[in-house]
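A.B. asks: The structure follows.
The values are calculated or read from the model by the stated rules, or taken from the named source; none is laboratory data. Not measured: the values here are computed from a predicted model. Here Cβ is always computed from backbone atoms with ideal geometry, including for glycine, and neighbour counts include all displayed protein chains.
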C-alpha cells in the first residue's frame with residue numbers, strides 16, 4: 001500500500017484500458033481507477049474494405065518537435081482567471097486508407113424514429129472455446145467486522161468494466177451473500193468504481209463506510225447494517241475529497257469515522273502532503289489540511305494508518321526523510337494534534353498501527369522479526385512482545401477489530417496470520433498459499449478473515465478458525481456476461497468483430513452484421529497465460545491484423561494475423577514485441593496503408609510503435625527527436641489511436657507535463673506524425689481553455705482532413721468534457737472543434753466513423769451515460785441525435801464502441817453495464833445519403 005502511494009499517477013488507459021497484466025500486478029500500479037467508461041483507452045476502429053490504392057506521395061520531413069501556437073486552439077486559463085465553459089466533441093480513431101471506412105460513404109440519419117433498432121446481444125456474440133481464465137475476474141480489497149457480521153468489499157474486474165461488489169456474512173465468515181448496492185436515488189451504480197477501504201462502527205452508531213477510487217476522485221459508500229449499501233453523491237464526497245487526493249486508511253474513531261492519506265498540488269506526489277478527513281455519519285466529510293499536524297519541513301509526507309483508543313485519534317505518517325515514521329495524537333476530534341514517539345528506531349518506514357477495544361498496538365519490523373508495543377492511551381508505550389515466525393520477510397498488514405488484532409506476515413513459504421487480544425501474546429491463525437497477496441484482514445469471533453489476490457488468478461478469501469484451520473467459505477458467483485466487443489472491420493464481404501470472452505481474446509465473423517459466429521481457434525492464437533483481449537482490427541494488402549493485450553507479467557502485446565479473417569496466427573513472438581525490461585508493452589490500436597501496417601500503444605514510460613511491411617517482419621518505430629517517444633516517470637508518453645492517409649500515419653494520445661501550470665503535473669493532448677510509419681515526430685497541442693487537463697483518445701481521417709479528440713477533466717476534478725481538434729493539412733496545423741451539449745452534462749466519445757462523405761461519431765452524455773450519435777459532413781460542424789432502446793438508453797451506462805456499414809445500414813456494437821452486470825449490445829440504423837457532403 002505505502003509503495004503504491006508514493007508513485008505518480010499513470011496516464012489514462014492503464015487500469016481502465018484493456019488489461020495489460022495480471023490483476024494483482026495492475027492493482028499494484030498507481031494507475032487511474034479501472035474502469036470508468038470515459039477513461040478507457042479507445043479501441044482503434046479500423047475497417048478495411050480496400051480496393052487497390054495508389055502509392056502515397058512523399059511527405060516533407062517534419063521537425064523533431066512542433067509546439068503549436070495557433071490562437072484558435074485555445075490555451076490554459078491562468079490560475080484564478082475566468083473559467084470558460086468548455087463544450088465540444090470527442091472523435092474516435094479509425095483508419096481510412098486501405099481500411100474499411102466506418103459508415104462508408106454516407107452519414108447516419110439525424111432524424112429520430114422507428115427505423116433504428118437496438119438489442120441486447122449476449123446470445124449473438126457467443127464465446128468460442130472454453131477460456132483458460134475468467135473474463136469476469138473478482139478482486140477483494142477490504143474487509144471489516146463488527147460482532148459476528150463481516151463485510152468484504154471489492155469488485156468484478158470484467159473486460160467490459162469494473163463493477164462494485166459488497167459481500168455480507170452474518171456467521172463470522174462461514175457463508176457470504178451479495179449485498180445490495182444502489183445510488184442515493186435508488187438506481188443501480190455505474191461501472192468503474194473500486195472500493196478500497198472499509199470501516200465499521202459499533203451497534204447504534206453511523207454503521208459502515210467504504211472509500212474507494214474513481215476517475216477524478218474518491219467514492220463514498222455507506223450502509224446501516226452491511227446488507228444494503230448506498231453510493232453517496234459526488235457532490236457530497238467531492239467537497240472534501242479532491243482529484244489529487246489518495247486515501248490510505250479509514251477507521252471508526254469513537255465519535256465518527258476518520259480517514260487519512262495524502263494530496264499533491266503537482267499531481268505526481270513528488271510533493272506529497274498529509275491530509276485527514278473526518279465524518280460523523282460517513283456521508284458528509286470535513287477535510288483537515290496537514291498543516292494542523294505541524295509536520296517537519298523538507299521531503300514528502302503521507303499518512304498511512306489511523307486508529308483510536310479512549311476517544312483519542314492516532315495517525316501514522318511516512319516521510320521521505322528521517323525520521324521515516326512520524327506519529328500524532330488528537331483528543332479533540334482532529335482540531336489539534338500532538339506528535340509522539342513509539343519506542344525503537346528504523347532505518348526505513350516500518351511502523352504500523354491498529355487498536356482493539358482495550359489497547360492500541362504498534363508493530364515495528366526489523367530484521368527477522370517484528371516487535372509489538374502497546375499503549376492504553378496512545379501516549380505511554382510499553383514493549384510487549386516479539387513476533388518471530390519461520391522464514392520472516394516482512395510485515396504485510398496489521399489490522400484490528402474490537403475483539404483482536406491480526407498481523408499478516410510474509411514468509412518464504414507464503415503468508416502467515418497471527419492474532420492477539422492484548423498485543424502481548426500472539427497465536428498462529430493460519431496460512432495462505434504461496435503467491436497470495438493479503439490486502440486486508442479482520443478478527444471476528446474465533447475466526448480470522450483475510451482477503452486479497454491469489455497469484456494473479458483471482459480473489460483471495462481465506463477464513464481460518466481458532467486453531468488456524470481452513471473454514472470453507474465461498475463468494476457468490478460473478479454476474480457479468482464475460483464478453484466485450486471492442487472493434488469492427490469489414491473487407492471483401494466479411495464483417496469481423498474482435499474483443500474478449502471468458503478471459504480469452506475472441507474474433508467473430510458475420511456476412512450481414514446480424515448473425516455472428518466465433519471463429520474456431522484451431523491454432524490457439526487467441527488463448528494464453530492470463531487474460532487475453534483484442535482491442536483493434538484492420539486489414540491491408542497482406543491480410544488482417546488484430547492487436548490487444550496479453551495478461552502476462554509484465555503485460556505484453558497480443559498480435560494476431562489472418563489471411564481471410566477466419567484462421568488466425570500469433571505474430572507477437574517477433575523480437576520487436578519483446579520487452580527489454582520490467583515495464584509492460586501495450587498495443588492499443590492499429591492502421592494499415594500502402595506503406596504497411598502500424599501498431600501504437602505504450603512502451604514502459606514512453607509511447608510504443610511497431611511497423612511491418614507485410615505482416616511477416618516487424619520493427620520498432622524510432623523517434624525523430626530525443627523526447628518524441630521516450631518518457632520518464634514524470635514525463636510519460638502514450639498513444640491511444642492511429643490513422644492513415646495520403647499524409648502517412650498520425651497517432652493520438654497524451655504526455656504528462658510537469659511544467660504545464662508552473663510545476664503542476666498534468667496530462668496534455670499530443671499527436672505524433674510519421675510519413676512512413678517508422679519515424680515519429682511529436683506535436684504537443686495546447687490544453688483547451690477552461691479545463692484542468694486532457695488527453696486524446698481517438699483520431700480519424702479522410703484525405704488530408706483529420707479529427708482527433710479526447711477527454712478533459714473539469715471543475716474540481718470530478719467532471720469530464722469532450723474536446724477535440726481538426727486538421728485540414730494532414731496534421732501540420734490544428735484548430736479546435738466544438739459540439740454543444742446540455743450545460744452541466746458530462747460527455748465523452750466511444751466510437752467514430754469516417755467516410756468519403758463525412759463523419760459519424762458515437763458517445764455518451766450524462767452519468768451514467770446514454771448513447772449519443774453526432775454526424776458531420778466536414779469534421780467541423782456537428783448534428784446530434786440520441787437513440788432510444790435496449791442497450792443505448794435507460795438504466796445503466798450505455799456505449800457504442802465500434803461501427804461498420806452493411807447493406808445500407810450503419811451497424812454498431814457496444815455494451816450496457818451497471819454495477820450489477822453487463823451485456824453486449826447491437827444497434828442498427830439506416831444510412832441517409834441525403835445528408836452526405838464532401839469534406
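A.B. asks: If you go through segment 335-348 one residue at a time, how many are in a loop (DSSP other than H, G, I, E, B), in contact with a helix residue (DSSP H, G or I) (Cβ under 8 Å, 6 or more places away or on another chain) and surrounded by fewer than 20 Cβ atoms within 10 Å (Cβ to Cβ)?
C.D. replies: So the count comes out to 2.
A.B. asks: Let me ask another. Picking from 407, 443, 429, which residue would you name as being without any contact (Cβ under 8 Å) to a residue 40 or more places away in the chain, surrounded by 24 or more Cβ atoms within 10 Å (Cβ to Cβ), in the same structural domain as residue 174 (by TED's automatic domain parsing) and out of contact with any helix residue (DSSP H, G or I) (no Cβ under 8 Å at 6 or more places or on another chain)?
C.D. replies: Numbers: 407 fails: without any contact (Cβ under 8 Å) to a residue 40 or more places away in the chain; 443 fails: without any contact (Cβ under 8 Å) to a residue 40 or more places away in the chain.
Step by step, each of 407, 443, 429 is checked, and only 429 is without any contact (Cβ under 8 Å) to a residue 40 or more places away in the chain, surrounded by 24 or more Cβ atoms within 10 Å (Cβ to Cβ), in the same structural domain as residue 174 (by TED's automatic domain parsing) and out of contact with any helix residue (DSSP H, G or I) (no Cβ under 8 Å at 6 or more places or on another chain).
A.B. asks: Condition first: buried (at least 21 other Cβ atoms within 10 Å of the Cβ) and either assigned by TED's automatic domain parsing to the domain that holds residue 667 or in contact with a helix residue (DSSP H, G or I) (Cβ under 6 Å, 6 or more places away or on another chain) (or both). Can you find one or more residues in segment 284-301 that meet it?
C.D. replies: no
A.B. asks: Follow-up. Restricting to segment 693-747, and then to whatever is outside any strand (DSSP E or B) and either buried (at least 24 other Cβ atoms within 10 Å of the Cβ) or not assigned by TED's automatic domain parsing to the domain that holds residue 761 (or both), can you tell me which residue is nearest to the chain's Cα centre (by Cα)?
C.D. replies: From segment 693-747, those outside any strand (DSSP E or B) are 703-704, 715-718, 728-734, 738-746; that's our starting set.
Retained after the next criterion (residues that are either buried (at least 24 other Cβ atoms within 10 Å of the Cβ) or not assigned by TED's automatic domain parsing to the domain that holds residue 761 (or both)): 731, 734, 739.
On the way: 731: 29, 734: 29, 739: 26 Å.
The residue in question is 739.
A.B. asks: Turning to a different aspect of this structure: So, residue 640, is that one under 22 Å from residue 711 (Cα atoms) and either assigned to a loop (DSSP other than H, G, I, E, B) or touching a helix residue (DSSP H, G or I) at 6+ places or on another chain (Cβ under 8 Å) (or both) or not?
C.D. replies: Criteria not met by residue 640.
A.B. asks: Could we say that residue 580 is modelled with pLDDT of 95 or more and assigned by TED's automatic domain parsing to the domain that holds residue 701 here?
C.D. replies: no
A.B. asks: Further question on the same structure: Being in contact (Cβ under 8 Å) with a residue 60 or more places away in the chain and buried (at least 21 other Cβ atoms within 10 Å of the Cβ) is the filter; apply it to segment 269-278 and report the residue that is farthest from residue 205 (Cα to Cα).
C.D. replies: At the first step, the residues of segment 269-278 found to be in contact (Cβ under 8 Å) with a residue 60 or more places away in the chain are 269-270, 272.
Checking which are buried (at least 21 other Cβ atoms within 10 Å of the Cβ) leaves us with 269, 272.
Values: 269: 35, 272: 33 Å.
Applying the filter and picking the extreme gives 269.
A.B. asks: Tally time: how many residues in segment 160-190 are touching a strand residue (DSSP E or B) at 6+ places or on another chain (Cβ under 8 Å) and not in a strand (DSSP E or B)? Please lay out each step first, then the result.
C.D. replies: The initial filter retains those residues of segment 160-190 that are touching a strand residue (DSSP E or B) at 6+ places or on another chain (Cβ under 8 Å), namely 160-170, 172-184, 188-190.
Subset that is not in a strand (DSSP E or B): 160, 170, 172-176, 179, 184, 188-190.
Total meeting the criteria: 12.
A.B. asks: So, one more: Quick check on segment 657-666. Is at least one of its residues touching a residue at least 12 places away in the same chain (Cβ under 8 Å), closer than 28 Å to residue 754 by Cβ and either surrounded by fewer than 24 Cβ atoms within 10 Å (Cβ to Cβ) or in contact with a helix residue (DSSP H, G or I) (Cβ under 9 Å, 6 or more places away or on another chain) (or both)?
C.D. replies: no
A.B. asks: Hey, another quick one. Within segment 577-584, is even one residue in contact with a strand residue (DSSP E or B) (Cβ under 9 Å, 6 or more places away or on another chain) and either touching a residue at least 60 places away in the same chain (Cβ under 8 Å) or more than 22 Å from residue 558 (Cα to Cα) (or both)?
C.D. replies: Among the residues of segment 577-584, at least one is in contact with a strand residue (DSSP E or B) (Cβ under 9 Å, 6 or more places away or on another chain) and either touching a residue at least 60 places away in the same chain (Cβ under 8 Å) or more than 22 Å from residue 558 (Cα to Cα) (or both), which makes the answer yes.
A.B. asks: Could I ask something else about it? Could you tell me which residue of segment 322-334 is surrounded by the fewest Cβ atoms within 10 Å (Cβ to Cβ), considering only residues that are without any contact (Cβ under 8 Å) to a residue 60 or more places away in the chain and closer than 26 Å to residue 440 by Cβ?
C.D. replies: Going through the qualifying residues, I end up with 324.
A.B. asks: Given 556, 531, which one is touching a strand residue (DSSP E or B) at 6+ places or on another chain (Cβ under 8 Å), surrounded by 24 or more Cβ atoms within 10 Å (Cβ to Cβ) and more than 19 Å from residue 643 (Cβ to Cβ)?
C.D. replies: Of 556, 531, the one residue that is touching a strand residue (DSSP E or B) at 6+ places or on another chain (Cβ under 8 Å), surrounded by 24 or more Cβ atoms within 10 Å (Cβ to Cβ) and more than 19 Å from residue 643 (Cβ to Cβ) is 531.
A.B. asks: Also: Only one of 530, 468, 482 is closer than 30 Å to residue 395 by Cβ and under 23 Å from the mean Cα position of the chain (by Cα). Can you tell me which?
C.D. replies: 530
A.B. asks: Kindly check whether there is at least one residue in segment 360-373 that is part of a loop (DSSP other than H, G, I, E, B) and under 24 Å from residue 259 (Cβ atoms).
C.D. replies: Among the residues of segment 360-373, not one is part of a loop (DSSP other than H, G, I, E, B) and under 24 Å from residue 259 (Cβ atoms), which makes the answer no.
A.B. asks: Return the residues of segment 376-402 that are modelled with pLDDT under 90 and either crowded, with 18+ Cβ neighbours inside 10 Å or part of a strand (DSSP E or B) (or both); say none if nothing qualifies.
C.D. replies: 378
A.B. asks: Counting only residues that are in a strand (DSSP E or B) and either at pLDDT below 85 or not assigned by TED's automatic domain parsing to the domain that holds residue 771 (or both), how many does segment 810-826 have? Break it down stepwise before answering.
C.D. replies: Just the residues of segment 810-826 that are in a strand (DSSP E or B), to begin with: 810-818, 821-826.
Restricting the remaining residues to those that are either at pLDDT below 85 or not assigned by TED's automatic domain parsing to the domain that holds residue 771 (or both) gives 817-818, 821-822.
Qualifying residue count, segment 810-826: 4.
A.B. asks: Anything in segment 767-784 that is buried (at least 20 other Cβ atoms within 10 Å of the Cβ) and touching a helix residue (DSSP H, G or I) at 6+ places or on another chain (Cβ under 8 Å)? List them, or say none.
C.D. replies: Scanning segment 767-784 gives 769, 775.
A.B. asks: So, one more: For segment 191-215, give me each residue that is surrounded by fewer than 24 Cβ atoms within 10 Å (Cβ to Cβ), outside any strand (DSSP E or B) and touching a residue at least 12 places away in the same chain (Cβ under 8 Å).
C.D. replies: Scanning segment 191-215 gives 201, 202, 203, 205, 206, 207.
A.B. asks: Based on what the data block shows, is residue 546 touching a strand residue (DSSP E or B) at 6+ places or on another chain (Cβ under 9 Å) and either part of a strand (DSSP E or B) or closer than 29 Å to residue 596 by Cβ (or both)? Break it down into steps so the answer makes sense when it comes.
C.D. replies: On the way: touching a strand residue (DSSP E or B) at 6+ places or on another chain (Cβ under 9 Å): yes; either part of a strand (DSSP E or B) or closer than 29 Å to residue 596 by Cβ (or both): yes.
Yes.
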